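The values are calculated or read from the model by the stated rules, or taken from the named source; none is laboratory data. Everything numeric here is computed off the predicted structure, so don't read it as measured data. Backbone-built Cβ (ideal geometry, glycine too); neighbour counts: all protein chains shown. Just so you know, the surface numbers come from the protein's heavy atoms only, side chains and all, with ligands and any DNA or RNA stripped out. Shrake-Rupley method; radii C 1.70, N 1.55, O 1.52, S 1.80 Å.
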Amino acid sequence: MIIQPIDFVVYAWLIIAVLSAIYVAYDQFRHNPEAPVMKWGFVLVTLYMGPIGLLLYVMADKEPAPGTHENFVKPLWKQGVGSTVHCIAGDATGIILAAAATALLGFPMWIDVIVEYVVGFLLGLLIFQALFMRDIMGGSYSQNVRRSFLPELLSMNMMMAGMAPVMIFLMMGRDMRAMWPAEPLFWFVMSLGITVGFMIAYPVNVWLVANGMKHGLMTVRGADHEGSHEEHSMDHHAGHIMGGEQHAMHGGGAETVTRPQIVALTGFTLVALLAGMFVPAAFVNLGVRAEEVRSAIMPPGMITTPETPADAMRDMAAIDPRSVGYTAPVDARGDRVLAPRLENGVKVFDLDASVIHWNILPRVQVAAYAINRQVPGPRLEFTEGDHVRINFTNHLPEPATMHWHGLVVPNRMDGPGYITQDPVPPGGRYVYEYVVQQAGTYFYHSHTRPDRQQALGLYGALIIHPKDSTAEPKTNYDYVVQLQEWLDRDGLTYPAMLMEGGLPNYFTINGKAWPATDTLRMKVGETIKFRFIGTNNNFIHPMHMHGGPFTVVARDGVILSSAARFQADVINVGPGQRYDVIWPAREPGKWILHCHIPHHTLNNNVEEKGAGGLTVLVVVSPQEAFGT
Ligand SMILES: [Cu+2]
């Protein structure tokens, strides 16, 4: 599934890598007189490095014409390629196996890197050098281990010095899918890391070959298909076997290598190795474990430091599009009144939280945590004195609870996760039941990680009618205004929050941004009650009505006495606050209700049809137009 634009590159790269490796394997085993260990080396390296492995094979090892391999592979740069290929094939195989295993076992990244080094080194030394080269080098297995130790150490140090920072910075950047072996991005990052490791290890390998300490490319004629190693003709080694047992092709033999050279080179590679493995610790949190951040993608601009815990990364991470189970119709509306069923005098409501795709504009689709597949969640209408039961089912990928904002309820029905109840796990259910003691404008919302869950859409209106219906002021129309802020970039939806990188770029009233918001129609002389609800998480929105002031008649569900009511044309609606205001239509025309922070009346900083975001149109007709 394409989740980020980079995924096109990832899939293309991995497909090319497999095709390249198939070609190299075919050509090596069908046409090329290379030693078997190097054949396998090139196949593996091409699998790991894709088109770069293919390029190296064709340029350095593929026999151009029958009988020319011996001469073709003689140049030192090609021998260096062969030596590096051999090294990378073993080391990288070990590193890849270790990386996958450590990620699955749940080690922190800094342990991952160390285990990868050790396993890569041992696999390279004990298998790819000492074992596979034994037939060519002669001697016992333990002799080979001792002979191979230093060249393997130098080469592996440089390989990891290049690979480790690439792995760490790309795996622990914004897109944490790169840490998880089940994600194609993990394999792409490994591929890039191996490629960089190859380049960094190449100069040392050239030096090792030039000084007779390591093997390069070889030519093996004749007995390939008989499977008998003794029959291999080794006369045409273009490379050289260490130890001065055979002629050196390039530069001096091993005897020209001095102890100071070895010490200096070993020291240098160790410094490079340690720098590659631990300098990244100054920039990223190497204590994070892959399983903690599995598949999390953080918003662009989020600041992460070595102290940023995995929990903070998960909190700001995008909704994984693969968790979306339903796509709402483009013109679907939220805040639908949910009719209860009556069970023994109890009004029963079913709320089901799940991940959906939801259009806030015809062309802008967010992923959302929705209740009953709508944003905002369904409106619950109670009457003061009702006995209500709400069955909350959680189909989100994380635990959740519901809170009845402003209501007097038994404590265990209040909903703060980990405080009054265990959060409802994915697939779980919790029954909230209470007697409604108040009346007015309220709302419900998630109270487990509300900074994330409410920001992603888990909220809805609670409208409670007074038992005595004359207790509240009457109007011709009643319109609920639920505010929300969204962060949607590159097809991913992040919870909007007042953190670097978390600032919203879309704003909605009742789940839609202007011009997709409702259009309200009135006649001159009629009145409308706006019930503002601060269902949003971050900003205080100064809600302003054109065409004259409204009267504020209730705050936070409580009706104001006649003396306490006041007129205004802007009311600051903070997160969690509710204001009921009554506005009379005085003049015909198109009047807008909007937030007075102009950025909140834009869609991703773009003005559409004169506004955007938190804007609703009220069309007032002259009274006579309807006849009297
Ligand atoms: Cu605003």
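Just to verify a number: FRET efficiency for Leu274 and Asp518, C-beta to C-beta distance, R0 = 51 Å, to 0.05?
In this case the efficiency is close to 0.25.
Roughly what angle does helix 51-60 make with the longest principal axis of the chain, taking Cα atoms, 0 to 90 degrees, to the nearest 10?
20 degrees
Taking a 18 Å limit on the Cα-Cα distance, which of the listed pairs Lys467/Lys523; Lys62/Lys214; Lys529/Lys609; Lys78/Lys214; Lys74/Lys214; Lys474/Lys590 fall beyond it?
Check vs 18 Å cut-off fails for Lys467/Lys523; Lys62/Lys214; Lys529/Lys609; Lys474/Lys590.
Given 5 Å bins starting at zero, what is the percent of C-alpha pairs of region 513-556 in each, up to the one with the largest pair distance?
Taking every Cα pair in region 513-556, the percentages come to 5, 12, 23, 29, 21, 9, 2, 1.
What is the angle, in °, between the Cα long axis of helix 259-278 and the longest principal axis of the Cα atoms in the chain? Nearest 10 is fine, range 0 to 90.
The angle comes out at about 10 degrees.
What FRET efficiency do you get for Tyr477 and Ala563 if R0 is 25 Å and r is their Cβ-Cβ distance, rounded to the nearest 0.05?
Once rounded, the FRET efficiency stands at 0.45.
Would you calculate a helix-derived [θ] at 222 nm for the chain, using -39,500 (n - 2.57) for each DSSP H run of n ≥ 4 and dividing by the full residue count, to the nearest 500?
One gets -10000 deg cm²/dmol as the mean residue ellipticity at 222 nm.
Once fully extended, how much extra length lies between Lys590 and Ser621, figured as 0.36 nm per residue of separation less the alpha-carbon to alpha-carbon distance?
Roughly 10.3 nm would be gained on extension.
Ignoring everything but the protein chains, give the 1.4 Å probe accessible area of Ser295 in square angstrom, nearest 10.
Only protein atoms counted, so the area is about 20 Å².
Using a 1.4 Å probe on the protein heavy atoms only, what accessible surface does Lys512 show? Give it in Å² to the nearest 10.
Rounded to the nearest 10, that gives 10 Å².
Keeping all protein chains in place and using 1.4 angstrom, which order do Glu307, Glu116, Glu607 fall into by accessible surface area, from largest down?
Glu307, Glu607, Glu116
How much length would be gained if the chain were fully extended between Gln261 and Thr68, taking 0.36 nm per residue of separation minus their Cα-Cα distance, in nm to one decimal?
Working it through step by step, the gained length comes to 66.0 nm.
Diagonalise the Cα gyration tensor of the chain and give the resulting equivalent ellipsoid semi-axes, square root of 5 times each eigenvalue, largest first, whole Å.
So the equivalent ellipsoid measures 70, 23, 20 Å along its semi-axes.
Roughly what would the spin-label model give for Val346 and Ser140, points 7 Å off Cα along C-beta, in nm?
8.1 nm
Measure of size requested: the Rg and Dmax of region 1-154, with Cα atoms as the atom set and Å as the unit; please supply both.
That works out to 17.2, 53 Å for Rg and Dmax.
Report, in degrees rounded to the nearest 10, the 0 to 90 angle that the Cα long axis of helix 109-122 makes with the longest principal axis of the chain.
With both axes taken from Cα atoms, the answer is about 20 degrees.
What FRET efficiency comes out for the pair Asn572/His465, r = Cβ-Cβ distance, R0 = 41 Å, nearest 0.05?
0.95
Work out, step by step, the length gained on full extension between Leu19 and Ala332: first 0.36 nm times the residue separation, then minus their alpha carbon distance; give nm to one decimal.
108.1 nm
Could you work out how far the C-alpha centroid of region 495-540 sits from that of region 427-460, in angstrom?
Region 495-540 and region 427-460 have Cα centres spaced 19 Å from each other.
Find the centroid of the Cα atoms in region 553-610 and in region 73-104, then give the distance between the two in whole Å.
One Cα centre to the other: 66 Å.
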